[in-house]
1. What size of dipole, in debye to the nearest 20, comes out for the chain about its Cα centre when the only charges are +1 on Lys and Arg C-beta atoms and -1 on Asp and Glu C-beta atoms?
2. Order the peptides 153-164, 78-89, 19-30 from the highest to the lowest mean number of other Cβ atoms within 10 Å of their residues.
3. Simple spin-label model, 7 Å along Cα-to-Cβ: R24 to E40 in nm?
4. Toward the positive end of the charge dipole of the range 1-108, about the Cα centre and with charges on Cβ (Lys, Arg +1; Asp, Glu -1), which of A16, F31, P88 goes farthest?
5. Using a simple spin-label model with points 7 Å from Cα along the Cα→Cβ vector, what separation in nm is obtained for R33 and A16?
6. Could you let me know the centre-to-centre spacing of the range 1-40 and the range 134-169, using Cα atoms, in angstrom?
7. Excluding same-chain residues fewer than 8 positions from K154, which lysines have a Cα within less than 29 Å of its Cα?
8. How much of the calculated P(r) for the chain lies past 24 Å, in percent of all Cα pairs?
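What follows draws every value from the coordinates through simple rules; no lab data is involved. Please read these numbers as outputs of a predicted model, since none were measured by experiment. With ideal geometry, Cβ positions are generated from the backbone for all residues, glycine too; neighbour counts draw on all protein chains shown.
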Amino acid sequence: MSDKIFIRTAEHSDVAAIGALHARVFGPGRFARSAYRVREGRRDGNPLSDFCHVAMRGNRLIAAITLSDVKIGGAPGALLLGPIAVDPDFAGQGYGRQLIAEGLEDARIAGKSLVILVGDEPYYGRLGFTCVPPGQITLPGPVNPQRLLAYPLKDGAIEAARGLVTSAL
Ligand SMILES: CC(C)(COP(=O)(O)OP(=O)(O)OC[C@H]1O[C@@H](n2cnc3c(N)ncnc32)[C@H](O)[C@@H]1OP(=O)(O)O)[C@@H](O)C(=O)NCCC(=O)NCCS
């Protein structure tokens, strides 16, 4: 098997391997995560969007990022990032950062305005995400306001986003 690791857009055939990675990294509590709860609202049942990426070592999936189309307060144009998971055997080697960069770049090219997530500011802050002012954006279920972060792809996109996050599909 090739040792070379490459990143590509996620395909429907990756769904099972992504699920197995999430189970390994997050355990049984993963379905309570905000991203799962928002995606439950999707009508087509497809867990992947065009913005999802995977890192592969040969045919072993070692990392995956999921981005879902959402509305904020009924307005389209935003993506919810999450989960992102890197196989612990490959953590700390830049794959998380690279997957996020790929997702953000594709979102920008597609004309999206904003990417939001629930996560650790010490990690995502270094990648350009900032805290959303408390109460401005809400998710189905409780979220620690210090963990609700956003990355604007257009000027003023954070300030303009107000309301409940729901699936756009
Ligand atoms: C968090 C995660 C996606 C980071 O991906 P990664 O490929 O391991 O990390 P990167 O190589 O991009 O970045 C590594 C750096 O981030 C830091 N880092 C990693 N996780 C961090 C966290 N939760 N908080 C603060 N810093 C963190 C590392 O210490 C390292 O710092 P350094 O560059 O100063 O040495 C990955 O470790 C992971 O899957 N963790 C478990 C699942 C998880 O928590 N996912 C995020 C919530 S959806």
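1. Working: 19 positive and 16 negative charges, 54 e Å.
Dipole magnitude for the chain comes out near 260 debye.
2. Put in order of decreasing packing, that is 78-89, 153-164, 19-30.
3. 2.7 nm
4. The listed residue farthest towards the positive side: F31.
5. 2.1 nm
6. 23 Å
7. Hits, sequence-local ones excluded: K71, K112.
8. Working: 4317 of 14196 pairs.
When every Cα pair of the chain is considered, 30 percent fall beyond 24 Å.
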